[in-house]
Amino acid sequence: QVQLVESGGGLVQAGGSLRLSCAVSGRTFSTYVMGWFRQNPGKEREFVAAISWSGISTNYADTVKGRFTISRDNAKNTVYLQMNSLKAEDTAVYYCAAGDNVARGPLGYDYWGQGTQVTVSS
């Protein structure tokens, strides 16, 4: 049983920063591709970023490129999303996900966390 637990969400003013964390247990973390997605009520889940198992390869949505950074610490079984220069439109529930291949669609991931709310006030 693979479990993903996100943390680090909250309320922040526009222009501020937050760092999300996702702790993974249940299988060898270093074998997984990890991704971050976000979703607002009534909208589809949106790709944010992904990172290869080694951490060498990363992939970002155009809307966050240059502002967000995905990273991982395989010794701690944790993936991070550093979010800088936050905008009101970044407000969403953020989910981390684990899968076998780098993918920009949610169907490419097998395991999901419960989500953490990020609210950016303008």
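The values are calculated or read from the model by the stated rules, or taken from the named source; none is laboratory data. Because the structure is a prediction, the values reported are computed rather than measured. Here the Cβ positions follow ideal geometry from the backbone for every residue, glycine too, while neighbour counts run over all protein chains shown. What goes into the accessible areas is simple: the full protein's heavy atoms, side chains included, and nothing from ligands, DNA or RNA. Shrake-Rupley method; radii C 1.70, N 1.55, O 1.52, S 1.80 Å.
Numbers below:
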item	result
Sole residue being among the aliphatic types (A, V, I, L, M) and free of Cβ contacts under 8 Å to residues at least 60 places away in the same chain, chosen from 64, 33, 24	64
Test: residue in the range 36-59 that is over 19 Å from residue 21 (Cβ atoms), open to solvent by less than 60 Å² (accessible area, probe 1.4 Å), assigned to a loop (DSSP other than H, G, I, E, B) and touching a helix residue (DSSP H, G or I) at 6+ places or on another chain (Cβ under 9 Å)	yes
Residues located in the range 72-86, provided they are part of a strand (DSSP E or B) and open to solvent by 20 Å² or more (accessible area, probe 1.4 Å)	72, 73, 80, 82
Members of the range 93-118 that are in a loop (DSSP other than H, G, I, E, B), small (Gly, Ala, Ser) and modelled with pLDDT of 95 or more	113, 115
Near pairs, Cβ below 7 angstrom, 6+ apart or cross-chain, from the range 80-94 (under 15 Å from residue 114 (Cα atoms)) to any residue that is assigned to a strand (DSSP E or B) and open to solvent by 30 Å² or more (accessible area, probe 1.4 Å)	92/39; 93/39; 93/117
Leading residue by the ranking (most open to solvent (accessible area, probe 1.4 Å)) among those in the range 1-30 that are touching a strand residue (DSSP E or B) at 6+ places or on another chain (Cβ under 9 Å), of a type outside the set (A, V, I, L, M, F, W, C) and farther than 24 Å from residue 90 by Cα	1
Total residues in the range 87-109, condition open to solvent by 20 Å² or more (accessible area, probe 1.4 Å), out of contact with any Ser or Thr (no Cβ under 6 Å at 6 or more places or on another chain) and more than 11 Å from residue 35 (Cβ to Cβ)	5
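Table: residues versus (1) modelled with pLDDT under 95; (2) hydrophobic (A, V, I, L, M, F, W, C).
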{"residue": "2", "(1), (2)": "yes, yes"}
{"residue": "26", "(1), (2)": "yes, no"}
{"residue": "30", "(1), (2)": "yes, no"}
{"residue": "39", "(1), (2)": "no, no"}
{"residue": "69", "(1), (2)": "no, no"}
{"residue": "82", "(1), (2)": "no, no"}
